[in-house]
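Have a look at the structure below before the remarks.
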Amino acid sequence: MRLGFSVKVIGQAGLKEHDSRRWQNNPHLSVSLAYLRDIFEYLRREGIAMYRMSSELAPYLTHPELSQFHGQLDDCAAELAAMGQLAREIGLRLSCHPSQYVVLNAPDEALAAKSALELATQAELLDRMGLDDEAVVVVHVGGIYEGREQARQRFVAAFEQLPEPARRRLALENDDTRFGVADTLWIHQQTGVRLVFDNLHHHCFNPQRMPLREALAACLATWPAGVRPKVHFSSPRTEMRIAEQQDPATGRRVQLLQPPLWTRHSDYIHPFEFIAFLREAAGLPPFDVMLEAKAKDLALLRLREDVQRYAPELAGGIW
Amino acid sequence: MSDHTDWPGREIGNQPEWTDQGDANRGHDEDAPVLVAVINNGRDLARARDEGWYRIPLKRAPRRVAAEYLAFYQTGAFGDQGCAINYYAPVRRFHLLTRAELLPNEADHPRARDPYYKIELGPLQPLPRPVPSRALRRIAFIPTTLRRLLAAREINDLWQRDDPQERLWLALREAGLLVEYRYQVSQPDGEAAVDFALFCRDGQIAVLCDDMASQEGALRERRPADYELTAAGWTVLRFSRSELEAELPRCAGAVIATVQQLGGQGGGVMRNE
């Protein structure tokens, strides 16, 4: 089982995840790929075998008014292939997870079309890196809008309209407030899209009361033979939150303490939750785990140590 | 130093390149990553200046090669302009090429098939003030930020330090000490780094700061053991992060006292390993 983390590296200062310069300063995919090379070398040194890349590697690639950026995938063909080669050398599993502004099932046709274009370019980027079928573009279903049934159906229709590389690369994740595993399974039955099981989301939104092992097994079964599934794992943040409000009497901003929201991610992974999850999953097909924790790679490295300490019988199969 | 604005060939502006590109582009990211690279001959500097590119062999690339600016440390081969950083330039693009593709006139070179980064650059800019290497030490690549580069008085100002280290560094500088940051020391099984090195009339001091955040992850590079340093003639001072945070004056005082015990720094005479 490979453990991975997403985008930002915390364990080594100064590693950026993409070229974030504004368009006026001519950011470029090739500079992002150089940043990615530095991150890959860090992952190699730390023995980390799974990583979620920034979805902003190619700056302004799909911006309708900045056509000077549209040719970057062609322009960087050699560099993309080289980064893919480096990932294969290291044994890295890669993925990306476009931002919440990508909403494939949006009733607004312009937004849906823009989302489809974004997914197509992400898929093309993975293809140009020469990555295998384990490299996926993970999305959520999107919004409910006028109703769950129509929203799910609209996702299916939009999926069918995607170009082949995007359909091949897409993976669908259950979310924490709108579309649970029952919904993603329904969409899988219509489209064949692979499903990413998100542990925390399933705890937060599971109106069918589907047992965790059953939901996990169903999602794992959506992946084709020979392609290792991946799941997302995170622990809920338990601290009090500080919220700012305006005092109507004085007009001043005041800070209020509020109870936590269980949908928020903690800094580190709760080791006992993770170990319990692994025990629950015993006997199911093997899968990889993308950790979603605010301490990123530090959380991953700590979790390895924790599993070794608290469940050494499980540690051998995790890296 | 020679006049930075008096270059032949490609024009070198006196203003940063972004200032003439419209209102939206005024100002710049002071935290933008900068890679300081070494140039040891006039031909490579001319390429950067006139043709707008610099090369780094992938095999010898530093851990952090990506940056939004390159700055150039010119070695002693440049005479008056040598042993200092005088220019920097914005990075436009990274190309991956073989050496033969990069330098077709040298197709018979033994490393002709090796991969190189060709880094395309914008116009070279003179720094507001050159950044000299006071100790004439061996310089390799230095990752830093635009803010540090533009404010640096000497090479040691370029490295990014964790806050407690930074405070110790400033305290020692305010005490008038000459301190080398991240000094490489030779060990039987390779090189290792000490955080601060101070060279005194009657000895040398290695200061090691433990438990810094930057030692997480890949920065957990080889750290010399106290006995190894002592055997090599160093006086070792080691401080933990919590000591530096809670008792900075005591830590700085310990370094200053040790310098005095070793006869002072002799008017800033530095030594190279």
| request: Among the residues of the range B:149-162, write down those that are within 12 Å of another protein chain (Cβ to nearest Cβ) and open to solvent by 50 Å² or more (accessible area, probe 1.4 Å). | output: B:GLN160
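Go through the range A:271-319 and report how many residues are of a type in the set (Phe, Trp, Tyr), outside any loop (DSSP other than H, G, I, E, B) and open to solvent by less than 60 Å² (accessible area, probe 1.4 Å). Quick ask: steps written out before the conclusion?
Of the residues in the range A:271-319, the ones of a type in the set (Phe, Trp, Tyr) are A:272, A:274, A:277, A:287, A:310, A:319.
With outside any loop (DSSP other than H, G, I, E, B) added as a condition, the list becomes A:272, A:274, A:277, A:310.
Checking the rest, the ones that are also open to solvent by less than 60 Å² (accessible area, probe 1.4 Å) come to A:274, A:277.
Qualifying residue count for the region: 2.
Please determine, by comparing only the residues of the range A:102-119 that are among the small types (Gly, Ala, Ser) and crowded, with 20+ Cβ neighbours inside 10 Å, which one is nearest to the chain's Cα centre (by Cα). Spell out the reasoning first.
Of all residues in the range A:102-119, those among the small types (Gly, Ala, Ser) come to A:106, A:110, A:112-113, A:115-116.
Now narrow it down to the ones that are crowded, with 20+ Cβ neighbours inside 10 Å: A:106, A:112, A:115.
On the way: A:ALA106: 20, A:ALA112: 20, A:SER115: 16 Å.
So the residue we want is A:SER115.
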| request: Give me a count of the residues in the range A:8-42 that are in contact with a strand residue (DSSP E or B) (Cβ under 6 Å, 6 or more places away or on another chain) and under 19 Å from A:ALA293 (Cβ atoms). | output: 0
| query | Name the residues in the range A:27-83 that are modelled with pLDDT of 90 or more and among the β-branched types (Val, Ile, Thr), would you? | reply | A:VAL31, A:ILE39, A:ILE48
| note | Taking the range B:136-148 and the residues there that are surrounded by fewer than 20 Cβ atoms within 10 Å (Cβ to Cβ) and among the hydrophobic types (A, V, I, L, M, F, W, C), the one that is farthest from B:ALA89 (Cα to Cα) would be B:LEU136
| request: State which residue is nearest to the other protein chains (Cβ to nearest Cβ) when the search covers only the range A:1-19 and only residues that are among the small types (Gly, Ala, Ser) and within 27 Å of A:GLN308 (Cα to Cα). | output: A:GLY11
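If we scan the range A:141-148, do we find a residue that is surrounded by 22 or more Cβ atoms within 10 Å (Cβ to Cβ) and either more than 16 Å from the chain's Cα centre (by Cα) or hydrophobic (A, V, I, L, M, F, W, C) (or both)? Explain how you work it out, then say what you get.
At the first step, the residues of the range A:141-148 found to be surrounded by 22 or more Cβ atoms within 10 Å (Cβ to Cβ) are A:141-142.
Subsequent filtering for residues that are either more than 16 Å from the chain's Cα centre (by Cα) or hydrophobic (A, V, I, L, M, F, W, C) (or both) retains A:141.
Yes - at least one qualifying residue is present in the range A:141-148.
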| request: From (1) among the hydroxyl-bearing types (Ser, Thr, Tyr); (2) open to solvent by 20 Å² or more (accessible area, probe 1.4 Å); (3) within 7 Å of chain B (Cβ to nearest Cβ), pick out the condition that doesn't hold for A:TYR35. | output: (2)
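Determine which member of the set A:ASP183, A:ASP175 is modelled with pLDDT of 95 or more, open to solvent by less than 20 Å² (accessible area, probe 1.4 Å), within 21 Å of A:ALA293 (Cβ to Cβ) and not in a strand (DSSP E or B).
Numbers: A:ASP183 fails: within 21 Å of A:ALA293 (Cβ to Cβ).
Selected residue: A:ASP175, the only one of A:ASP183, A:ASP175 that is modelled with pLDDT of 95 or more, open to solvent by less than 20 Å² (accessible area, probe 1.4 Å), within 21 Å of A:ALA293 (Cβ to Cβ) and not in a strand (DSSP E or B).
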| So, in the range A:20-32, of the ones that are facing another protein chain (nearest Cβ under 7 Å) and under 20 Å from A:LEU126 (Cα atoms), which residue ends up surrounded by the most Cβ atoms within 10 Å (Cβ to Cβ)? | A:VAL31
| request: State the number of residues belonging to the range A:38-58 that are of a type outside the set (Asp, Glu), open to solvent by less than 20 Å² (accessible area, probe 1.4 Å) and facing chain B (nearest Cβ under 7 Å). | output: 1
| remark: Counted residues in the range B:219-273 being touching a Cys at 6+ places or on another chain (Cβ under 6 Å) and either at pLDDT below 85 or among the hydrophobic types (A, V, I, L, M, F, W, C) (or both) come to 4
| note | Sole miss for B:ARG111 among (1) of a type in the set (Lys, Arg); (2) part of a strand (DSSP E or B); (3) surrounded by fewer than 16 Cβ atoms within 10 Å (Cβ to Cβ) is condition (2)
| Verdict on B:ARG138 being touching a residue at least 40 places away in the same chain (Cβ under 8 Å) and within 13 Å of chain A (Cβ to nearest Cβ) | no
| said: When you check B:PHE94 against the structure, is it assigned to a strand (DSSP E or B) and touching a helix residue (DSSP H, G or I) at 6+ places or on another chain (Cβ under 8 Å), yes or no? | reply: yes
| note | Those residues of the range A:243-267 which are aliphatic (A, V, I, L, M) and over 27 Å from the mean Cα position of the chain (by Cα) amount to A:ALA243, A:ALA249, A:VAL254, A:LEU256, A:LEU257
| message | Kindly evaluate B:GLN184 against the criterion of being within 22 Å of B:THR144 (Cα to Cα), at pLDDT 80 or above, open to solvent by 30 Å² or more (accessible area, probe 1.4 Å) and not acidic (Asp, Glu). | response | yes
| field | Within the range B:67-107, tally of residues that are open to solvent by 10 Å² or more (accessible area, probe 1.4 Å) and either β-branched (Val, Ile, Thr) or within 14 Å of chain A (Cβ to nearest Cβ) (or both) | value | 10
| remark: Residues of the range A:192-214 being more than 19 Å from the chain's Cα centre (by Cα) and crowded, with 16+ Cβ neighbours inside 10 Å, in sequence order, are A:ASN206, A:MET210, A:LEU212
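The values are calculated or read from the model by the stated rules, or taken from the named source; none is laboratory data. Keep in mind the model is a prediction, meaning the values are calculated, not measured. Ideal geometry is used to build each Cβ from the backbone, glycine not excepted, and the neighbour counts take in all protein chains shown. Heavy atoms of the whole protein, side chains included, go into the accessibility calculation; ligands, DNA and RNA do not. Shrake-Rupley method; radii C 1.70, N 1.55, O 1.52, S 1.80 Å.
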